[in-house]
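A short worksheet on the structure shown next.
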Amino acid sequence: MTQHSTTTESSDPTGRYDVIVVGGGAAGLSAALLLGRSRLRTLVVDAGEPRNAPSAHMQGYLTRDGMSPAEFLALGREEIARYGVELVRDRAVDVARGADFAVELAGGATVRSRRLIVTTGLRDELPPVPGVAERYGRDVLHCPFCHGWEVRDERFGVLATSPLSVHQALMVSGWSDDVTLFLHTVAERELSDDDLRRLAAAGVKVVPGEVAGLRVEDDRLTGVRLADGTVHERTVLFVAPKALPQTGLMERLGAELQETPFGAYPVVDPTGRTSVPGVWTAGNAMGFAEQVVHAASGGYRAATAIVGDLIMSDLDAAVGE
């Protein structure tokens, strides 16, 4: 293990690293911070595409409540630089495992490391309803824990894209007494008797029919328009994006994946260790529901596990000499 002098962003990462962190979001930066403080030569490969980029603020993170995601990441990059962690603005396009991990970057470089953390997250695929993508992160939202307080007591709509959307409608009813579930692509017969009883108990109105678009006035959502032309006045619309886990690197390494209702994710132990020796993961790369605070915690756990793994590996090698 080597101690490395403080640097900022690297345009030409070279040599052998102790750890490469693929992904520069909360999970990756948190891991990098601990690795740098542990005197490990560490490189963060950051493509600059955080999942929460559409949001103006993040909530529920103690001492960082209300901070913009961009500011949060900028501060994180400053912190890891204090401990000599390098960061390259690039995308990891391939990886091979031999004596070391060889990570190929889109810019043409190949960087190597003894251990690897993959924190590539996931991509949200929004329902193809006109206006949804344009207003996502503003008054089209997906998570009541992230945004519910800021829109409390407004007129909520929930766009159903599967029977699971019933759960979303029931959850958001905790932040407003005025909730309408637009069935959209879900047939009424797909709702169970338990669904209907719970929706009624929560006071959620159920509206069948396909949603054709949104009504926006003065850059604010004012209604949801159905295919038959009727408009229901709503000021907030909750949607459930389809999660697309970014598992390409894991698949190349042969990691074991498990299917979930939200996509396939690596099988991991409590520290984020995958089935591939020497490879860890954290954040949305290991699960759909990981919020920023969870991602940062997961990165921390993975980094501490790697530090211990490398120390013991070096000691075992020394004993065997």
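Legend: calculated FRET efficiency, Glu217 to Glu79, from the Cβ-Cβ distance at R0 = 25 Å, rounded to 0.05, equals 0.05. Looking only at region 171-244, where both bridge partners belong to it, what percent of the DSSP beta bridges are antiparallel (to the nearest 5)? Antiparallel bridges: around 75 percent, rounded to the nearest 5.
Taking the accessible area of the chain, probe 1.4 Å, and keeping the other protein chains in place, the carbon and sulfur fraction comes to 50%.
Between Ser313 and Glu49, the simple spin-label model (points 7 angstrom out along Cα→Cβ) gives 2.8 nm. Annotation: per residue accessible area for the chain equals 48 Å², rounded to a whole number [probe 1.4 Å, protein chains only]. Annotation: amide H-H contacts under 5 Å for Leu141 (H modelled 1.01 Å from N, sequence separation of 5 or more, or interchain): Leu237, Phe238, Val239. Estimated from helices alone, the mean residue ellipticity of the chain at 222 nm is -8000 deg cm²/dmol (sum of -39500 (n - 2.57) over DSSP H runs with n ≥ 4, per residue).
The calculated FRET efficiency for Met67 paired with Arg91, based on their beta-carbon distance and R0 = 35 Å, is about 0.85. Computed on region 84-166, with alpha-carbon pairs under 8 angstrom and 6+ residues apart, the relative contact order is 13 percent. With the simple spin-label model, which puts each label point 7 Å out from Cα in the Cβ direction, the Thr271 to Ala289 separation comes to 2.5 nm. A Förster radius of 41 Å combined with the Cβ-Cβ distance from Arg39 to Phe145 puts the calculated FRET efficiency at roughly 0.65.
Once you place label points 7 Å from the Cα toward the Cβ at Ala99 and Glu233, how far apart are they in nm? Each label point lies 7 Å from its Cα, and together they span 7.3 nm.
For the chain, the mean projected area of the C-alpha convex hull, equal to one quarter of the hull surface, is 18.3 nm².
Working from Cα pairs under 8 Å separated by at least six residues, relative contact order for region 96-242 is 26 percent. Per residue, the average separation of C-alpha pairs within less than 8 Å and at least 6 apart gives the chain a relative contact order of 20 percent.
Full extension of the segment from Thr260 to Leu164, taken as 0.36 nm per residue of separation minus the current Cα-Cα distance, would add 33.2 nm.
Compared with the dominant principal axis of the Cα atoms in the chain, helix 292-320 is inclined by about 20°.
The values are calculated or read from the model by the stated rules, or taken from the named source; none is laboratory data. Here the structure is a predicted model, which means the values were calculated and not measured. Please note: Cβ atoms are built from the backbone with ideal geometry, for glycine as well, and neighbour counts cover all protein chains shown. For the accessible areas, the whole protein counts, side chains as well, though only heavy atoms, and no ligand, DNA or RNA atoms are used. Shrake-Rupley method; radii C 1.70, N 1.55, O 1.52, S 1.80 Å.
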